[in-house]
Structures are given as structure tokens and as C-alpha cells.
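Visitor: Let me begin by handing over the structure; questions about it come next.
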Amino acid sequence: MGARKKSAPAKRAAKSGKTATGTKPKAIVAPAAKPRAKAAPRAGKAKGLLPMVAGNWKMNGLLGSAKELKAMGAFKAKARLRCDVLICPPATLIAPLAKPAAAAGIALGGQDCHPEDKGAFTGDISAPMLKDAGATAVILGHSERRTLHGERDELVRAKAEAAYRAGLIAIICVGETQEERKTGWTLDVIERQLKGSLADAATAQNTLIAYEPVWAIGTGLTPTLDDISEVHAAIRKSLVQRFGEAAAAIRILYGGSVKPANAAEILKVPGVDGALVGGASLKASDLNEILNVYRS
Ligand code: PGA
């Protein structure tokens, strides 16, 4: 998936300084056509914090899934992993899994939260509720929320602020669609999402970024290792520009079809500080193979 050629409308748009859909991009990290060396001045790993492997169970899992979590914990202890492990089960499982997760040294997270702390919002879950149930983190702005629930950057940012108020770590997801990748707008889209979705209070302690190309989620497709490296470097550059040198420690995860077969090469890409794993996080047998990359 390294398509870097622009389509005719995209070329026209590029000339006029507008996106293919006609709106002028607010800020550009680096034009997609620029040589890679210029677009990737910082490709270092996040400083000071352990990498993280986070499992996103999505709408999967019942009480019986505790056995998978326990098996992940047993492996974590045996392999003396040099990474943080976070599992984000459905909200219904956070409280029941809290005890086994704590015993296993695995943190729990939510998959979304409401921007308000409480109120008349039928069906929604607030950040304080996640915290109360035993979560320490929450995934925000996942592409399935952005696409299926129409979530926009401003809402993701308000949710991040709610997460911080509750003392939760926010994992902010960004990523381009296949069309955006094909037309060369990947870095612009990511920059726009970062600008809009990240709250001013973001720090390395309360925030992680997950780069998840939409077209790679659940499809078995992944970007080339060079493309992953390029986007992670652009994210790092943007973070440091906005938040200063301290942002060199914000962890940037890669997500999208991470599997036992590709985890080792992806997790070794410069600038990749861990993974956000969907399908392959449901079974301990799969996730443990991914975690094995961080065995001591
Ligand atoms: P996947 O999902 O690993 O199944 O592609 C990743 C995600 O959606 O976070």
C-alpha cells in the first residue's frame, strides 16, 4: 500500500492548495510528495516510558473471557515483558475483570467515553464511570467511532478532556482512509486530526497516540514499514512542535492488522512505541505471541 501518486483531482487540488474535496487544509506537516528524509526528522522511540501493547476487544467478550486475560497475565509474568499491557474490553467487563487484571499486572481501559461527567445521556458511559469500574485508560476517536458514529475531532478532544478530569489516560486514534492514502493526503489528514483531537493538557503521562490507517483495520492489510515510520515521525514532529520537547516521550502506537506474523517487524520500526491490537487481542494464544516481542 505505498501508493504515493496523486489522482488528477488531487493534483489540481494540490496546485490550488486545497484538498481533493475542496477545503483548504488547515496545516500541513509536510507535503506527501516531499522526500522522506525531510518529512521524518525525528524517528526516535518515545523516551522514558515503556512501550505499550493495548488490546481493543471492541464488541467482543463475555464473562468467560476472564480466562483469556488470566492467560495473558501468566505469560506476562513468565516472559518478564518490557512493555505495558492494557486490555480494553467492552465496558460491561471492566468491573468483573478488575481483580484478575490487577493480579496479572494488566491495566484495563474503556473504548469510548462521553464528554460530560454525568447526565441524561441514555446509553452512554462517562469517564468517571470507567474509572470507578477499574479502568485507567480509554481509547478515543477510534475510526469505528469516527465512521459509524460520526465523531469529529472536536468531540474527540472534549472526550479527552473528560478523560483527563477523571484521571484516565487517553489513547487518541488517528488514521487516513484508503482514498486519502491513494491521493497523497495521509500526512495532512493525520495533522488535522492531531490538531483537532488533542487537548492542550495532553502530556506523555496522560496521552498516547495510535496511528491506525482506516484501511488496515480488520482487513489483514498493513502499510509498508517505511510508510509506518514516515507517519510516526510526522506525528512526533507535530507533537513536539505543539507541546515542546516533553512530547518526545508521548508514546505513538501503530494499529491495524497487527498479528503474531507481523508484530516483530512492525514493533521494531523506528518511532513505533507499541501496538493497538484488535482481532489478535481476543485470544491469549495470539496476543502472547505479539507480547513476546518485548520479552526480556
Ligand atoms: P485490528 O484492529 O487489529 O483487528 O485490525 C485494530 C483496531 O481497530 O484497533
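Visitor: Points 7 angstrom from Cα along the Cβ direction at residue 201 and residue 268: gap in nanometres?
Guide: It works out to 4.1 nm between the two label points.
Visitor: What is the diffusion coefficient of segment 146-240 in µm²/s, taking the Kirkwood radius over Cα pairs and the Stokes-Einstein relation at 25 °C with a viscosity of 0.890 mPa s?
Guide: 177
Visitor: Expressed as a whole number of Å, what is the distance separating the alpha-carbon centroids of segment 53-85 and segment 199-213?
Guide: 22
Visitor: How do 296, 257, 65, 281 rank when sorted from fewest to most other Cβ atoms within 10 Å of their own Cβ?
Guide: The order, fewest Cβ neighbours first, is 296, 65, 257, 281.
Visitor: About its Cα centre, how strong a charge dipole does segment 188-227 have in debye, to the nearest 20, once Lys and Arg get +1 and Asp and Glu get -1 at the Cβ?
Guide: 140
Visitor: Name the residues whose placed amide hydrogens come within less than 5 Å of the amide hydrogen of residue 277, ignoring near sequence neighbours (fewer than 5 apart) on the same chain.
Guide: 54, 55, 56
Visitor: OK, next. From the phi of every residue in segment 276-286, what ³J(HN,Hα) in whole Hz does the Karplus formula 6.51 cos²θ - 1.76 cosθ + 1.60 yield, where θ is phi - 60° and glycine or proline is x?
Guide: These are the phi-based 3J(HN,Hα) values: 10, 10, x, x, 7, 9, 6, 10, 4, 4, 6 Hz.
Visitor: Something else: Report, by chain and number, residues whose modeled amide H sits under 5 Å from the one on residue 251, excluding near sequence neighbours (fewer than 5 apart, same chain).
Guide: Placed amide hydrogens put 209 under 5 Å from residue 251.
Visitor: While we're here: Work out from phi, with θ = phi - 60° and the Karplus expression 6.51 cos²θ - 1.76 cosθ + 1.60, the ³J(HN,Hα) of each residue of segment 207-212, listed in order in whole Hz, and give x for Gly and Pro.
Guide: For segment 207-212, the Karplus-derived couplings read 9, 10, 10, 10, 7, 10 Hz, x marking Gly and Pro.
Visitor: For residue 175, list long-range residues whose amide hydrogen, built 1.01 Å from N in the peptide plane, is under 5 Å from its own amide hydrogen.
Guide: Here the answer is 212, since their amide H atoms fall under 5 Å of that of residue 175.
Visitor: When the Karplus curve 6.51 cos²θ - 1.76 cosθ + 1.60 is applied with θ = phi - 60°, which whole-Hz ³J(HN,Hα) does each residue of segment 109-116 get, with x for Gly and Pro?
Guide: x, x, 10, 5, 8, 7, x, 8
Visitor: Order of 114, 232 from fewest to most other C-beta atoms within 10 Å?
Guide: Arranged by neighbour count, lowest to highest, 114, 232 become 114, 232.
Visitor: By count of other Cβ within 10 Å, fewest leading, how are 185, 215 ordered?
Guide: In increasing order of surrounding Cβ atoms, one gets 215, 185.
Visitor: Let me ask something else. Along its three principal axes, how long is segment 75-224 when you only count alpha carbons? Whole Å, largest extent first please.
Guide: Taking the Cα atoms of segment 75-224, the three principal extents are 47, 44, 27 Å.
Visitor: In segment 73-125, how does Rg compare with the Kirkwood Rh, expressed as the Rg/Rh ratio over alpha carbon atoms?
Guide: Answer for segment 73-125: 1.11.
Visitor: Keeping to pairs on different chains or 8 or more places apart, tell me how many lysine pairs in segment 58-153 have Cα atoms under 29 Å apart.
Guide: 21
Visitor: Continuing with the same structure: Please state the relative contact order of segment 173-245 as a whole percent: Cα pairs under 8 Å, 6+ residues apart?
Guide: So the answer I get is 41 percent.
Since every read-out is calculated from the coordinates, none of them should be taken as a lab result. Predicted, not measured: the structure shown is a model, and the values here were computed from it. Don't worry about glycine lacking a Cβ; one is built from the backbone with ideal geometry, like all the others, and counts go over all protein chains shown.
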